[in-house]
Amino acid sequence: MKIYDLLGIGFGPSNIALAISVDELRQRGHQLECFFIEKQTNFAWHRDMLLNDADMQISFLKDLATLRNPRSHFTFTNYLFEKGRLQDFINLKTFFPSRQEFNDYLAWAASHFENDCAYNEEVVEVLPEKKDSDVTLLRVISRDSTGNIRERLTRNLVVSIGGTPKIPVSFLSLENDPRIFHSSQYLSSITKLSHAKRIAIIGAGQSATEIFLDLHGRSSDVEIDLIMRGRAMHPSDDSPSVNEIFNTEFTDYMFSRTPEERTRLLKEFHHTNYAAPDIDQIENIFRILYNQKVTGVQRHTLITNHETREAQASDYGIRLRITDLETNLVQERDYDAVILATGYLRSHHKTILAPLAQYLPNFTVTRHYRLDSTPNFKPAIFVQGASETTHGISDSLLSVTAVRTHEIGEAIISIANIDFENSPKKHITA
Ligand SMILES: Cc1cc2nc3c(=O)[nH]c(=O)nc-3n(C[C@H](O)[C@H](O)[C@H](O)COP(=O)(O)OP(=O)(O)OC[C@H]3O[C@@H](n4cnc5c(N)ncnc54)[C@H](O)[C@@H]3O)c2cc1C
């Protein structure tokens, strides 16, 4: 069986950026055998949240390459140039393209690596390949949509699988009910629920507000309750001073702090990314709520300071018991559908890597995103997007992607265990 120098799990922005970094390394003479495995049937960036009016929450200059190499073929600017839209985009005078356009940019970048990626395969586990007491290689097991299993061997691995839906405890037993779904399934789920008139959205972040506005525009019959624990909606703070925490140097600062200091920093800057929609989203929602007062027709309700502690499903609908966090008073409300805009967990890599757990103490991550391992474990495993607690809030965003993938690429070529003797390209420095 072929042995890769590097396998990547997932082909979202993080691993596309890595493919670009590896491409640059190849141009410098480092010929790495590199391949990616992606569970979607084709590239799509948060497919079910590609809403018509949704814009990027980050400057287009934080694309897959610019911060590392502004001269790269893969910059957003070059994408615009190749598509014949550079001047038109300039005339928009914005740093924030639509998510549809950024998705098209990412798909364009991904299309350069069609031969380096297997789509429609989900990696289910990674097993150790041993020689005596040493683990020398990794066996990556994937399954396609028809259930076929595929195995590949690699010397090194990069896990960049994004987040998995965070489902509140009160909804866990109802996860298979098609009337209750996470924001990550929004578009494909809502189109199957055309009869749903009374809809609850749980959450107070960008996804919750985007879905509110999308639902409002879909049909004049829909009545929405936007239910959140907070007393008010806080806008995302992306002012220049605060935005410095997304600069690449901040990763060094964050990583060099004590665990207590890191926790304090994450808390201090929580509202740059969590439960923090763009200000224009909040303004648009309040304009709609105000118009209801003008017309006297109330369709939507903002329910702040409440938590959903119980949910029951019946043939008639979903009944939520929501508790006022100040008075503890409980009210019951009935819905045709409930949308959980409740965020993401970033620990699924531990499930995929569970067969290797004995070699990866506590899954701790080094500054350059490599998982610490025991001395008898020779492969290097890197993770992207799962190190917020040690590397900062930028870790799950696009902010540091172009630089992080360069750091990982450099780390891989400096790893001595790449078997250059068996490689036809011996000029690589180990
Ligand atoms: C709706 C939405 C909007 C966002 N907007 C912004 C923004 O404007 N700016 C910003 O900086 N960040 C934004 N983010 C944050 C987002 O995490 C990053 O933009 C970016 O998607 C991170 O890229 P990634 O490759 O690490 O993860 P993802 O984009 O999540 O990609 C991971 C890929 O891995 C695949 N995968 C997962 N598990 C497996 C498996 N077991 N086997 C094979 N493949 C697998 C997935 O299908 C996916 O394609 C947004 C997030 C969401 C949900």
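Among the strands (runs of 3 or more DSSP E) contained in the stretch 153-240, which hold 3 or more residues that are over 26 Å from Ile288 (Cα atoms) and modelled with pLDDT of 95 or more?
Hits in the stretch 153-240: 156-159.
Do the conditions hold for Met1, that is, is it of a type in the set (A, V, I, L, M) and within 16 Å of the ligand (Cβ to nearest atom)?
no
Is it fair to say Asn362 is assigned by TED's automatic domain parsing to the domain that holds Leu153 and surrounded by fewer than 22 Cβ atoms within 10 Å (Cβ to Cβ)?
For Asn362, the condition - assigned by TED's automatic domain parsing to the domain that holds Leu153 and surrounded by fewer than 22 Cβ atoms within 10 Å (Cβ to Cβ) - is met.
Go through (1) free of Cβ contacts under 8 Å to residues at least 24 places away in the same chain; (2) surrounded by 14 or more Cβ atoms within 10 Å (Cβ to Cβ); (3) not aromatic (Phe, Trp, Tyr) for Gly317 and report which single condition fails.
(1)
Select from the stretch 241-261 the residues that are surrounded by 14 or more Cβ atoms within 10 Å (Cβ to Cβ), outside any helix (DSSP H, G or I) and of a type outside the set (D, E, K, R) and list them in ascending order.
Answer for the stretch 241-261, where residues must be surrounded by 14 or more Cβ atoms within 10 Å (Cβ to Cβ), outside any helix (DSSP H, G or I) and of a type outside the set (D, E, K, R): Asn247, Thr248.
Test of understanding: among Thr248, Thr351, which residue is under 30 Å from Pro379 (Cα atoms), in contact with a Lys or Arg (Cβ under 9 Å, 6 or more places away or on another chain) and not assigned by TED's automatic domain parsing to the domain that holds Phe212?
Unique residue meeting the criteria: Thr248.
Any residue at all in the stretch 156-165 that's more than 14 Å from the ligand (Cβ to nearest atom) and surrounded by fewer than 17 Cβ atoms within 10 Å (Cβ to Cβ)?
Within the stretch 156-165, the first condition is being more than 14 Å from the ligand (Cβ to nearest atom), and the residues that meet it are 156.
If we keep only those that are surrounded by fewer than 17 Cβ atoms within 10 Å (Cβ to Cβ) as well, we get none.
No, the conditions are met nowhere in the stretch 156-165.
Can you name the helices (runs of 4 or more DSSP H) wholly within the stretch 306-418 that have at least 1 residues being modelled with pLDDT under 95 and in contact with a helix residue (DSSP H, G or I) (Cβ under 8 Å, 6 or more places away or on another chain)? Explain how you work it out, then say what you get.
Values: elements: 348-352, 388-391, 401-413.
Those helices (runs of 4 or more DSSP H) span 401-413.
Which residue pairs have Cβ atoms under 6 Å apart, sit 6 or more places apart or on different chains, and have a first residue in the stretch 27-47 that is hydrophobic (A, V, I, L, M, F, W, C) and a second that is in a strand (DSSP E or B) and more than 7 Å from the ligand (Cβ to nearest atom)?
Between residues of the stretch 27-47 that are hydrophobic (A, V, I, L, M, F, W, C) and residues that are in a strand (DSSP E or B) and more than 7 Å from the ligand (Cβ to nearest atom), the close pairs are Leu32/Leu6; Cys34/Leu6; Phe35/Tyr4; Phe35/Leu7; Phe36/Gly8; Phe36/Cys117; Ile37/Ala118.
Just need a number here: residues in the stretch 64-88 that are within 14 Å of His112 (Cβ to Cβ), among the charged types (D, E, K, R) and either near the ligand (Cβ under 8 Å from one of its atoms) or part of a loop (DSSP other than H, G, I, E, B) (or both).
Number satisfying all stated conditions: 0.
The values are calculated or read from the model by the stated rules, or taken from the named source; none is laboratory data. The structure presented is a predicted model; accordingly, all values stated were derived computationally and were not measured. All Cβ positions, even for glycine, are placed from backbone atoms using ideal geometry, and neighbour counts span all protein chains on display.
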